[in-house]
Amino acid sequence: MDQKVYPVCVIGGGSAGTMAVLRTILNNDECLFFPGSPKDKKRSRDLWVRKIENIPGHFQYKRGIQEPNLETMKWILQSDFKDNLHTQKNTGVVSVEKQGDIFKIIDSNNQTHFAEYIVLCTGVMDVQPEIKGTIETVFDYANAQTIDYCLICDGHHVLNKKASVIGHGNGAAWSAIMLHERYHPKDFHILTNGKKADFSPDTQKLINLYGIKVNEALIIDIFGQDKGRILEGFILEDGTTIETDICFVSMGMLIYNDIARELGAELDERGFVKGDEAGLTSVPGLYVAGDLKANTKKQIYTAWDTAVNSANAINLKIRSKKRQQLLK
């Protein structure tokens, strides 16, 4: 093959992707990096995550995922390892094909690349509620984190507040139950936004026991102050006004597993990509890290850990192959 074959390719520029690049570079392996196209970035979680309060050292950042990642890339480019990094700026991947032991990669600029190993870090995104016929209604509140998504990251925001959860499935109910049990908010509602509540009997029993109110009417408006920074509540189609300070959205996730599906990687029942402890999938040479990986917490520290596992496992294979060639 005349075209260069990179030993490692990292696809995705979030927490897992950045850590996979950093660890690969520090392992002294060359890395082809696709941080994502502008379209990819618009649908990524890191666009909506602002303050990070559950990760040590992240409190000072206004954008708790993007800013540390940018600092990391800047450091790499000033380090002794800078020549190992080959970033395809503002570029994503649209197709990957396995050709023997090599991956053929087509990027969003229709350029072709080749790599021996891939670490797939394309992540997930939370399903957004439609209010007034669009998901854009919630964006200002989401950016101000008065509408939240992750119970582990931001559940503490409901302490001493009026709280609500948007969602109609059992997951939404369990979100409300956990928040009630941990933080005992002043007043609690589950808003199904026009859908019929679908809770298990045991879950419904706890909702009743805790006094969590359920309203199945459609949300027709949202109101607050300071240009969407301060949430005050929702207006429902039945005429009810729900006052709330903090709202969690619990409607499921969009799982960006297109590349894994294309390559035939094994997925779990929800669509997350299965991988072993090092992230190796059912496709030889394809590793998965971060939120995309099945059976992991969807947290920054978990993304880092899975990415390091993948990069180190790949480095071991690269070194072992070179060692075996020397010993022949």
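The values are calculated or read from the model by the stated rules, or taken from the named source; none is laboratory data. Bear in mind the structure is a predicted one, so any value in this text is a computation, not a measurement. Here the Cβ positions follow ideal geometry from the backbone for every residue, glycine too, while neighbour counts run over all protein chains shown.
With the requirement that a residue be over 30 Å from Gly92 (Cα atoms), in contact (Cβ under 8 Å) with a residue 24 or more places away in the chain and in a loop (DSSP other than H, G, I, E, B), what does region 227-274 give you?
Lys227, Gly228, Arg229, Glu237, Thr240, Thr244, Asp245 - these are the residues of region 227-274 that are over 30 Å from Gly92 (Cα atoms), in contact (Cβ under 8 Å) with a residue 24 or more places away in the chain and in a loop (DSSP other than H, G, I, E, B).
If you go through region 302-316 one residue at a time, do you hit one that is farther than 15 Å from Val124 by Cβ, among the charged types (D, E, K, R) and not in a helix (DSSP H, G or I)?
Within region 302-316, none of the residues are farther than 15 Å from Val124 by Cβ, among the charged types (D, E, K, R) and not in a helix (DSSP H, G or I).
For the subset of region 178-196 comprising residues that are crowded, with 19+ Cβ neighbours inside 10 Å and not aromatic (Phe, Trp, Tyr), which member is modelled with the lowest pLDDT?
Pro185
Scanning region 157-183 for residues that are outside any helix (DSSP H, G or I) and out of contact with any helix residue (DSSP H, G or I) (no Cβ under 9 Å at 6 or more places or on another chain), which turns out farthest from Asp221 (Cα to Cα)?
First, the residues of region 157-183 that are outside any helix (DSSP H, G or I): 159-169.
Applying the additional criterion that residues be out of contact with any helix residue (DSSP H, G or I) (no Cβ under 9 Å at 6 or more places or on another chain) yields 162, 168-169.
Numbers: Lys162: 18, His168: 18, Gly169: 22 Å.
The selected residue is Gly169.
Pull up region 131-166, narrow it to residues that are without any contact (Cβ under 8 Å) to a residue 12 or more places away in the chain and of a type in the set (Val, Ile, Thr), then point me to the one that is surrounded by the most Cβ atoms within 10 Å (Cβ to Cβ).
Per the criteria, the residue is Ile135.
Search region 280-301 for residues being among the basic types (Lys, Arg) and crowded, with 17+ Cβ neighbours inside 10 Å, and hand back the single one that is nearest to Arg45 (Cα to Cα). So that I can check it myself, show each step before the final result.
So in region 280-301, the residues among the basic types (Lys, Arg) come out as 293, 297-298.
Restricting the remaining residues to those that are crowded, with 17+ Cβ neighbours inside 10 Å gives 293, 298.
Values: Lys293: 15, Lys298: 11 Å.
Among those that are among the basic types (Lys, Arg) and crowded, with 17+ Cβ neighbours inside 10 Å, it is Lys298.
Which helices (runs of 4 or more DSSP H) sit wholly inside region 37-155 and have at least 2 residues that are assigned by TED's automatic domain parsing to the domain that holds Ser175 and of a type in the set (A, V, I, L, M, F, W, C)?
By residue number, 139-143, 151-154.
Any residue in region 167-188 that's at positive phi: show its pairings with residues that are part of a helix (DSSP H, G or I) and surrounded by fewer than 20 Cβ atoms within 10 Å (Cβ to Cβ) at Cβ separation under 6 Å, as long as the two are six or more apart or on different chains.
Matching pairs, first to second residue: none at all.
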